[in-house]
Amino acid sequence: MRVALIGFGNVGRAFARLLDRQRAQYPFPIVGIHTAHHGTVYDRKRLPVTPAFGEPAKSITEFLDRAHPDVAIEVTPLNPTDGEPAISHIRAAFARGIHVITANKGPIAHAYAALREEAKRAQVEFRFESTVMDGAPVFNLARNCLPGVRITGFTGVLNSTSKLVVAAMQRGLSMEEGIAEAQRLGVAEADASFDIDGWDSAAKAAALANVLMDASTRPQDVVRNGIGELTTEEAVRLAALGKTLMLVSRAERREDGSVSLRVSPEVMLATDMLATIQGTSNLLLFHTDLMGSVGTVSISPGVEQTAYGLFSDLVDIAKSV
Ligand SMILES: NC(=O)c1ccc[n+]([C@@H]2O[C@H](COP(=O)([O-])OP(=O)(O)OC[C@H]3O[C@@H](n4cnc5c(N)ncnc54)[C@H](OP(=O)(O)O)[C@@H]3O)[C@@H](O)[C@H]2O)c1
């Protein structure tokens, strides 16, 4: 499996390090890397973990044609508005018969159904385990471990920044101080309103619903309320009562078969199972017809776990082709 990376930031570099560490058992070479500002680099045999970038390819098509990989790994930044240019990158790879793995939830939240059909027509694999909950099995759990099961809904606490901000406010800090704390930890976006207003959770909920419940929805369709209204006074009052506030994502299949999606702050006891998921940890429960509620938890994941999600998809593709 020859691999090309589109994007070489935190995730792309962690993935290159992981692949290098696993090289003896999984000898998949990286043969090309394309970035926005650092340039492009190719090596027909294998690039080193820290490559020297050269002149940028003029376009994604030029890059893919010259790198000629079996698998393209799309790890450019999220564009929450329309998922571009990642969607075009993915289509360019499909058009060349190249399998695609992405950690970028934009394409899954905005164009999953179309991309799934295009991958099928091109007879290539399209995988995205790292888009929700880093490398923890979410999509692969549903695909590989729940045969015959219909997912009727899900409940998730999937946004780290909101958890860190509420916890800071419960200690008496302001929302701005809580956001600054999350930014220092490298968790919050530079524009933290994406997290605070629930857009990150909405994008994840749309991606999950599109894949797991065959919904055809976008982040804009999610009923969305963030935590922006929370005051320090209210947060401290809740703490004194042994309660907290969590930004929860919920999906439910309606009687007519459509899917309702909601992201909203919910007050709950601090001992509630959802409330015990703090910091960068995440929890997602699938509600199903045959298996009751079953889920996945990830404790304090980081970029190494996101890289692992890409790696697990790569190994799975290598096994299946
Ligand atoms: N960080 C995490 O823990 C995490 C977890 C789950 C999912 N994700 C997702 O993974 C993706 C990558 O995250 P990251 O943290 O690695 O981002 P990042 O550090 O900002 O890196 C993004 C990379 O993409 C490149 N790039 C930007 N626009 C491009 C374009 N049009 N064509 C080619 N390359 C382009 C950048 O190039 P330059 O460096 O030259 O500008 C950079 O190398 C995002 O979609 C993110 O949402 C991240």
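For the range 130-248, the percent of C-alpha pairs falling in each 5 Å distance bin, counted from 0 to the bin holding the largest distance, reads 2, 11, 19, 19, 16, 13, 10, 6, 2, 0.
Per-residue extension of 0.36 nm, minus the Cα-Cα distance of M291 and R46, leaves a gain of 83.8 nm for this segment.
Estimate the FRET efficiency between S320 and E176 by the formula 1/(1 + (r/R0)^6), using the beta-carbon distance for r and 45 Å for R0, to the nearest 0.05. Walk me through the numbers before you get to the answer.
Working: r = 48 Å, r/R0 = 1.07.
Efficiency, from the Cβ-Cβ distance: 0.40.
May I ask for the longest run of the chain untouched by GluC sites (Glu not before Pro) that are loop-located per DSSP and have at most 14 neighbouring C-beta atoms (other than their own) within 10 Å? Formally, the longest exposed-site-free interval is 1-228. Measuring max minus min along each principal axis, the C-alpha atoms of the chain give extents of 62, 44, 35 Å (largest first).
Sorted from greatest to least, the principal axis extents spanned by the alpha carbons of the range 106-199 come out as 53, 26, 20 Å.
Most mobile of M133, M246, M273 per a Gaussian network model of the chain (Cα springs, under 10 Å)? The residue with the greatest mean-square fluctuation here is M273.
For the pairs K204/K243; K58/K163; K58/K120; K105/K163; K45/K319, note any where the Cα-Cα span goes beyond 31 Å.
Checking Cα-Cα distances, K58/K163 exceed 31 Å.
In this entry, the range 8-104 is assigned a mean projected area of 6.1 nm², taken as a quarter of its C-alpha convex hull surface.
Would you mind calculating the gained length between D82 and M273 on full extension (0.36 nm times residue separation, minus the Cα-Cα distance), in nm to one decimal?
Details: separation 191, 0.36 × 191 = 68.76 nm, distance 3.39 nm.
Going from the current span to full extension adds 65.4 nm.
Return the percentage of antiparallel bridges among DSSP beta bridges fully within the chain, rounded to the nearest 5 %. Spell out each step's value before the answer.
Details: 31 of 47 bridges.
Bridges in the chain are about 65 percent antiparallel.
Taking every C-alpha pair closer than 8 Å and separated by at least 6 residues, the mean separation divided by the residue count of the range 55-205 gives a relative contact order of 17 percent. Overall size of the range 218-321 from C-alpha positions, given as principal axis extents largest first: 57, 40, 29 Å. Taking 0.36 nm per residue of sequence separation and removing the Cα-Cα distance, the I299/R237 pair yields an extension gain of 19.6 nm.
Applying 1/(1 + (r/R0)^6) with r as the Cβ-Cβ distance of A114 and R17 and R0 = 35 angstrom yields a FRET efficiency of 0.60.
Read-outs: derived from the displayed coordinates by stated rules, not from any lab. Owing to the predicted nature of the structure, the values given are computational and were not obtained by experimental measurement. Positions of Cβ are generated from backbone atoms using ideal geometry, with glycine treated the same way; all protein chains shown enter the neighbour counts.
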